[in-house]
1. Given segment 1-78 reduced to its alpha-carbon atoms as identical point scatterers, what log10 I(q)/I(0) does the Debye formula return at q = 0.13, 0.17, 0.26 Å⁻¹?
2. Arrange the following residues from fewest to most other Cβ atoms within 10 Å of their Cβ: 27, 104.
3. Which three lengths, in whole Å and largest first, does segment 27-70 cover when its Cα atoms are put on their principal axes?
4. Using only the Cα atoms, what convex hull volume per residue in Å³ does the chain have?
5. Fewest first, what order do 134, 144, 103, 26 take by the number of other Cβ atoms within 10 Å?
6. Simple spin-label model, 7 Å along Cα-to-Cβ: residue 107 to residue 39 in nm?
7. Sorting 142, 67 on the 10 Å Cβ count, fewest up front, what's the list?
8. Could you compute the FRET efficiency for residue 66 and residue 7, with r as their C-beta to C-beta distance and R0 at 25 Å, rounded to 0.05?
């Protein structure tokens, strides 16, 4: 599939592996994904998040409400951040998100199969109140806010 970002960058998932697509799960979904990797259950994939490497926008195809969420980078490489909705960020009420791309997948799956603690290359959290996404990596925080929500049309 090909997607043109709002910035004009053309993204494609035709090349595998790629760094455009992030396989993304909330905490309750991740437990099922672990069982899928261990071949104990069949768990169909939940959501993909596309990342534009030109402007850093995120595109989340959310299956639970059949919408496409476009996220814009609000704050890049801060060392501190605070969620604007009642200080949820500092209360610790953000939802944990597990997200990795095709290049990171073999290592993560290997850790699961070997019974090791999984170490993700980044920590991701989501605020259910304001819908912001926070990405923590190398002691820096990137904060993304919802720029646009579009209904997905299924044919």
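1. Taking Cα atoms of segment 1-78 as identical point scatterers yields -0.49, -0.78, -1.24.
2. Listing 27, 104 from fewest to most nearby Cβ atoms yields 27, 104.
3. Largest to smallest, the principal-axis extents are 39, 23, 15 Å.
4. So the per-residue Cα hull volume is 132 Å³.
5. 103, 26, 134, 144
6. 2.5
7. The fewest-first ordering by Cβ neighbours comes to 67, 142.
8. Once the sixth-power term is evaluated, E becomes 0.50.
Read the figures in this text as sums done on the coordinates, not as results from a lab. Note that the structure is a prediction, hence the values are computed from the model and not measured. In this analysis, Cβ positions are derived from the backbone assuming ideal geometry, glycine residues included, and neighbour counts consider all displayed protein chains.
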